1. Please go through segment B:64-104 and give me each residue that is in a strand (DSSP E or B), open to solvent by 10 Å² or more (accessible area, probe 1.4 Å), within 11 Å of chain A (Cβ to nearest Cβ) and modelled with pLDDT under 95, ordered by number.
2. If I filter segment B:12-37 down to residues being outside any strand (DSSP E or B) and of a type in the set (Asp, Glu), which single residue comes out as least open to solvent (accessible area, probe 1.4 Å)?
3. Collect the residues in segment B:38-54 that are open to solvent by less than 40 Å² (accessible area, probe 1.4 Å), away from chain A (no Cβ under 13 Å) and part of a strand (DSSP E or B), keeping them in residue-number order.
4. Anything in segment A:24-37 that is within 11 Å of chain B (Cβ to nearest Cβ) and on the phi > 0 side of the Ramachandran plot? List them, or say none.
5. Looking at segment B:88-115, which of its residues are over 13 Å from B:His44 (Cβ atoms) and among the β-branched types (Val, Ile, Thr)?
There are 2 protein chains.
Amino acid sequence: MDKVNLAQKLSLFTDHYSPKIVGELNDSYVKLVKLQGEFVWHHHDAEDELFYVVKGALHMRVREKGSEREFVISPGEFIIIPRGVEHLPSAVEETHIMLLEPRTTSNTGNVESERTVREPERI
Amino acid sequence: MDKVNLAQKLSLFTDHYSPKIVGELNDSYVKLVKLQGEFVWHHHDAEDELFYVVKGALHMRVREKGSEREFVISPGEFIIIPRGVEHLPSAVEETHIMLLEPRTTSNTGNVESERTVREPERI
């Protein structure tokens, strides 16, 4: 058992949209991700996801019941995307987030793309 | 669905060791807690808990395999206490934390005390 310092862990990688596992509890992983640019629209059939912003600004477009909204999430804020909800993360400047999601979660959800990370690294 | 701003939520209460629910995902709650002084030694039989420090300094004493250690967790850091591990949170100055734990988790775990909060408030 040890504590985890987010800044220290974030200093260990530079790639974007490539989640790293930094903790696990119950059925979930804690991951860190650096984002810049636009990801892909996707959803998760059976998993809710929490996005906590450490640095930058996370833009999250969501589609629900036929309408689309965009949230801008700043450091010290989080958003929970419930299962089934289509979402598109993006960031203009480089943005650092802490993710919390079930171990079974694929980063691109229902979509298979070049951005799919099958086995996230542990750091 | 909406984003959650930790500072805004933390401005809504002042009591210590009284967790407030600010989010839920999968089988877990996200809670905010203000701490000052010492809590009670306890463990959780079947639940891992994540403590992320927002402000102040969280002192966490843990007992494992007959030995005791103390961690001091600062803002931007977290610690995960695995199920079964005896722990004692405390704080000298007022400390603000975000907790992540299964919905079934009682704040005092295996111990019933005046500090047990049966139905945490949602804010």
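1. Selection gives B:Glu64, B:Pro102.
2. Here the residue is B:Asp15.
3. Hit for segment B:38-54 is B:His42, nothing else.
4. If the condition is that a residue be within 11 Å of chain B (Cβ to nearest Cβ) and on the phi > 0 side of the Ramachandran plot, then A:Asn26 is the only one that fits.
5. Residues satisfying the conditions are B:Val92, B:Thr95, B:Ile97.
The values are calculated or read from the model by the stated rules, or taken from the named source; none is laboratory data. This is a predicted model, so every value here is computed, not measured. Positions of Cβ are backbone-derived with ideal geometry, glycine not excepted, and every protein chain shown enters the neighbour counts. Heads up: the accessible areas ignore ligands, DNA and RNA and are worked out on the full protein's heavy atoms, side chains in. Shrake-Rupley method; radii C 1.70, N 1.55, O 1.52, S 1.80 Å.
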